[in-house]
Structure formats: structure tokens, C-alpha cells
1. Taking the conditions exactly as written (on the phi < 0 side of the Ramachandran plot, modelled with pLDDT of 85 or more and either assigned to a loop (DSSP other than H, G, I, E, B) or touching a Gly at 6+ places or on another chain (Cβ under 8 Å) (or both)), does F158 satisfy them or not?
2. Filtering the range 161-180 down to residues that are farther than 18 Å from I102 by Cβ and either in contact with a helix residue (DSSP H, G or I) (Cβ under 7 Å, 6 or more places away or on another chain) or polar (S, T, N, Q) (or both), which residue is modelled with the highest pLDDT?
3. Look at S123 and say whether it is more than 20 Å from I89 (Cβ to Cβ) and modelled with pLDDT of 70 or more.
4. Step by step: first the residues of the range 133-177, then only those that are aromatic (F, W, Y) and surrounded by fewer than 17 Cβ atoms within 10 Å (Cβ to Cβ), then the one that is nearest to V24 (Cα to Cα). Which residue is that?
5. Could you go through the range 55-64 and let me know if any residue there is at pLDDT below 90, part of a loop (DSSP other than H, G, I, E, B) and within 30 Å of R182 (Cα to Cα).
6. Answer with yes or no whether R35 is among the basic types (K, R), at pLDDT below 90 and over 23 Å from Y173 (Cα atoms).
7. Tell me which residues, restricted to the range 71-90, are in a helix (DSSP H, G or I) and either touching a residue at least 60 places away in the same chain (Cβ under 8 Å) or under 21 Å from G126 (Cα atoms) (or both).
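The values are calculated or read from the model by the stated rules, or taken from the named source; none is laboratory data. These numbers come from a predicted model, not from an experiment. Because the Cβ atoms are built from the backbone with ideal geometry, glycine has one as well, and the counts that use them run over all protein chains shown.
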Amino acid sequence: MKLSQVFTAPNQLTLLRMVFVPFVVIDLVDGHYGRALILFVIAGFSDGLDGLLARRLHQQTLLGQYLDPIADKLLLSTLFLVLSILHKIPWKYTVLVFSRDISILAASAVLFAIAGLRDFRPSIFGKANTFSQISAVFFALLLQVKPIRLIWIARTVFLRATFFFTILSALHYVILVQQRLREHAHTLPPAPSAPSS
């Protein structure tokens, strides 16, 4: 992997999004929900911008393919955890989100180790899950700034959507893994037959 990939504009934005994480956490712990919300929105905007720049500037890199989802998971998983500790998001949603991500990470590591499989691009269900998580965190933060019923309803809707899409995307991942393993098994050369006596 070339070091120059780190210095492309899209990857710099992705790294900047990762830098935002501790500052958002500090604001949450200190009770500065408005500032945390602003940083979260900026981070979300940078997520869309880095993908756009990568396509427009033809700077889609292997590093970016790995770095972008890592930055997303780091931001969202951290905020789910902190907001649950602060009793702003029920623990059941955070436990489910972490369980799915850890299971997928472990399965991907095993599959890469034993079969060299690594091309698992996000499915439509995974993208829907990410959108639900972003929206749930956004409305959970906004609720602390403007505690009105409509925002509470939006937060609840997107938390339930997160619950649904987390399970659905995990099941789809299991099916995808089985399919990829079958395809990989078919491409393997046949085992040598035992010598006759």
C-alpha cells in the first residue's frame, strides 16, 4: 500500500472524521449536547464529501475502502456507547449494534485467514442500518437540545429501525458468507487422490 494514499483529499477527510470522535465524547460527558450535535453533523457531512471527492477526483484507494467504514463504525459505535452510559439511548440497542459489528469483524478476520476472502462490500441492508444509526444518534442528540415530543418520536422510530436492520443485515451477511465460501470451494483445485497400493 502506497503512503501517498494517506495524503489524498478523501482519506484526509476520513482521518479528520476519526479525530472528531474524542471531542464529541468530551462534549457529551460535559453535557454540551449542542456542540456535540454540531460536530456530529460536520462529521456526517465529511462522510458524504469524502465519497464524492473520491469519485470526482478519481482518488478511490484501497486504503479508503478500509478506512471509511472503520471511521463510520468508530464514530457511531462510540456515540451509541456513550449515549447509553448517559441514559440517552436504551442499552439493548447498543448491545445489539456492538454484537453485530464484533461478530462481522471476527467472521471477516477468520474468512480472510482461512480462505483469503476480503471483498465484502456493504449491502443495501448494511447501508440502511448505517443510515438508521446515524439518524438515531442525530435525533438522540437533538432531543437533548430541543426536548419536544416530535423529536422523541423520530429518535424512537430510528432506534427501532436500527434494531430491525441490524438483525436483517447480520442475517444477510451470514447468507453472503455461505455463498462466498461455496464459490471459493468450487475454485479450489481438486485434492490429489491417494496413491494406489
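1. On the way: on the phi < 0 side of the Ramachandran plot: yes; modelled with pLDDT of 85 or more: yes; either assigned to a loop (DSSP other than H, G, I, E, B) or touching a Gly at 6+ places or on another chain (Cβ under 8 Å) (or both): no.
For F158, the condition - on the phi < 0 side of the Ramachandran plot, modelled with pLDDT of 85 or more and either assigned to a loop (DSSP other than H, G, I, E, B) or touching a Gly at 6+ places or on another chain (Cβ under 8 Å) (or both) - is not met.
2. Taking the range 161-180 and keeping what is farther than 18 Å from I102 by Cβ, we get 161, 164, 175, 178-180.
Checking which are either in contact with a helix residue (DSSP H, G or I) (Cβ under 7 Å, 6 or more places away or on another chain) or polar (S, T, N, Q) (or both) leaves us with 161, 178-179.
Working: A161: 96, Q178: 73, Q179: 74.
Filtering the range 161-180 for residues that are farther than 18 Å from I102 by Cβ and either in contact with a helix residue (DSSP H, G or I) (Cβ under 7 Å, 6 or more places away or on another chain) or polar (S, T, N, Q) (or both), the one modelled with the highest pLDDT comes out as A161.
3. On the way: more than 20 Å from I89 (Cβ to Cβ): yes; modelled with pLDDT of 70 or more: yes.
Taking the combined requirement at face value, the residue satisfies it.
4. Let us first name the residues in the range 133-177 that are aromatic (F, W, Y), namely 138-139, 152, 158, 163-165, 173.
Retained after the next criterion (residues that are surrounded by fewer than 17 Cβ atoms within 10 Å (Cβ to Cβ)): 152, 164.
Details: W152: 21, F164: 27 Å.
Taking the candidates together, the pick is W152.
5. Step one: of the range 55-64, the residues at pLDDT below 90 are 55-64.
If we keep only those that are part of a loop (DSSP other than H, G, I, E, B) as well, we get 57-61.
Imposing the further condition that a residue be within 30 Å of R182 (Cα to Cα) reduces the set to 60-61.
Within the range 55-64 (the criterion being at pLDDT below 90, part of a loop (DSSP other than H, G, I, E, B) and within 30 Å of R182 (Cα to Cα)), the answer is yes, since at least one residue qualifies.
6. Against the criterion (among the basic types (K, R), at pLDDT below 90 and over 23 Å from Y173 (Cα atoms)), R35 does not qualify.
7. Within the range 71-90, the subset in a helix (DSSP H, G or I) is 71-85.
A71, D72, K73, L74, L75, L76, S77, T78, L79, F80, L81, listed by residue number.
Conditions tested, residue by residue: (1) modelled with pLDDT under 70; (2) more than 13 Å from the chain's Cα centre (by Cα); (3) surrounded by 13 or more Cβ atoms within 10 Å (Cβ to Cβ).
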{"position": "D50", "(1), (2), (3)": "yes, yes, yes"}
{"position": "L67", "(1), (2), (3)": "no, no, yes"}
{"position": "L74", "(1), (2), (3)": "no, no, yes"}
{"position": "I104", "(1), (2), (3)": "no, no, yes"}
{"position": "A107", "(1), (2), (3)": "yes, yes, yes"}
{"position": "D119", "(1), (2), (3)": "yes, yes, no"}
